[in-house]
1. How many residues are acidic (Asp, Glu) and surrounded by 15 or more Cβ atoms within 10 Å (Cβ to Cβ) when one looks only at segment 156-177?
2. Pull up segment 48-79, narrow it to residues that are under 14 Å from residue 26 (Cβ atoms) and aliphatic (A, V, I, L, M), then point me to the one that is surrounded by the most Cβ atoms within 10 Å (Cβ to Cβ).
3. Being within 12 Å of the chain's Cα centre (by Cα) and either farther than 17 Å from residue 194 by Cα or surrounded by fewer than 17 Cβ atoms within 10 Å (Cβ to Cβ) (or both) narrows it down to one of 127, 139, so name that one.
4. Just to be sure, is residue 108 assigned by TED's automatic domain parsing to the domain that holds residue 191 and touching a Phe, Trp or Tyr at 6+ places or on another chain (Cβ under 9 Å)?
5. Run down 157, 181 and say which single residue is over 21 Å from residue 109 (Cα atoms) and assigned to a helix (DSSP H, G or I).
6. Just the residues that are in a loop (DSSP other than H, G, I, E, B) and out of contact with any Lys or Arg (no Cβ under 8 Å at 6 or more places or on another chain), please, taken from segment 60-99.
7. Cβ contacts < 6 Å: first residue over 13 Å from residue 167 (Cα atoms), restricted to segment 190-208; second residue hydrophobic (A, V, I, L, M, F, W, C) and assigned to a loop (DSSP other than H, G, I, E, B), any location; separation 6+ or different chain. Result?
8. In segment 183-234, how many are among the hydrophobic types (A, V, I, L, M, F, W, C) and closer than 20 Å to residue 140 by Cβ?
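The values are calculated or read from the model by the stated rules, or taken from the named source; none is laboratory data. Everything quoted here is computed from the prediction, not taken from an experiment. Here the Cβ is made from the backbone with ideal geometry for all residues, glycine too, and neighbour counts use every protein chain on show.
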Amino acid sequence: MRWFLVNILIYPFIIMSLTPADVQPLLISDNLGDRLKGVNLLRQLDPTIAFDLIQPLVTDTNERVRYAAVSQLDPLGKQDPNKALSLLRDRIQNDPETDVKAAAADVIGGLQLTEAYEDLKQLYHQTSDWLLQLSIIATLGELGEPKAIELLEDALKSDNGLVRISAVSALGELGNQEGIKLLLDLVKDEDWQVRYRLVQALGKLGGDQAQEALKILTEDSMEQVAKEAKENLA
């Protein structure tokens, strides 16, 4: 009973129907905790209303609020893709925080806003932050922009192993058969994690060349890679 009463006091909105009037005061509060709570509560409102309310929070003075707001633009941005594109472009170009830029890049992929590809490409080459580069590369497969092959080819040459692994996965998700040419060079890559992701990417892309590469990988020295290759051939 005590637990029940405590939760009624702390989370009153969970046990009653929320309205925009309940949430809006939190969103404009000077208190950081209130604004963060308000952003989270937007999930319980009609998406059209929530999208209108969340837009000012995308440029909030606090980076945690901006991050939370930007992250929620997928799926809220589907209400107005053009407006979402404008908001996200502004964040990847102007936000001072890497985490917010990374979140914006992720949402661009989730919403498949292919118009922002050149923005992502420019940011990838401008930043020296490998975590931001990783976020950009990871989102390209979901983005569905064929021109991303060019940037993924660059990422395969990265000095950072995680960026390379992400590029391999993105090539598989992108589904462009031109990606097979880039992937075939990795059959003997020294990083077994690259080869493991390679097997998965080739399995998704399919085709005769992919099948031949998978046959070679069934003999890989790393058991996990060989097993995955056999399963993809089957």
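1. Looking only at that region, the number is 1.
2. The selected residue is 69.
3. Criteria check complete, one pass: 139.
4. No; evaluated as a whole, the condition is false for this residue.
5. 181
6. 61, 80, 96
7. Taking only residues 6 or more apart or on different chains, the pairs are 192/222.
8. Within segment 183-234, residues that are among the hydrophobic types (A, V, I, L, M, F, W, C) and closer than 20 Å to residue 140 by Cβ number 10.
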